[in-house]
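J.: I am attaching a structure below and will ask some questions about it afterwards.
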Amino acid sequence: RAPQTRVFVVNYAAILPDTGPGCWPQLPYADGDVPYLREKHQELNTMIAEQAATNGARLIDWYRASVGHDACRGPLVRWVEPWIPLNPAAPLHPNLRGMRGASNLLVAALSR
């Protein structure tokens, strides 16, 4: 019905640091569990990317853009809040900076 439609899919932003340990107590995970949780997060983003590609949608890689802005960073840097948010957002969800980051990625993709 809309042959010129472009569909964009946004994956999940980084919650944990991309490498290394977590940040107890902001994220109450044992350092030994962090690699497993990071792997599951990556698996979810891989599934999203595969489904986007299968269905002709373009992936907006919010994860890659959000590395360094995970919930372990300070409140002025992070895009995702830890279990006890200091910015207005739900725990483990994007804050305003994170949503602006996603918005900037989408606007850049739309302008190409």
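The values are calculated or read from the model by the stated rules, or taken from the named source; none is laboratory data. What you see is a predicted model; the values in this text were computed from it and never measured. Cβ sites come from the backbone with ideal geometry, for glycine too, and all protein chains shown count toward neighbours.
J.: I'd like to check which helices (runs of 4 or more DSSP H) are fully inside the chain and have at least 3 residues that are loosely packed, with under 14 Cβ neighbours inside 10 Å, over 12 Å from the mean Cα position of the chain (by Cα) and charged (D, E, K, R).
T.: Correct list: 34-54.
J.: List every residue pair whose Cβ atoms sit under 7 Å apart, with the two residues 6 or more apart in sequence or on different chains, where the first one lies in region 33-48 and is under 14 Å from Val10 (Cβ atoms) and the second, anywhere, is crowded, with 18+ Cβ neighbours inside 10 Å and at pLDDT 95 or above.
T.: Within 7 Å, the pairs are Asn45/Asn11; Asn45/Tyr63; Ile48/Asn11.
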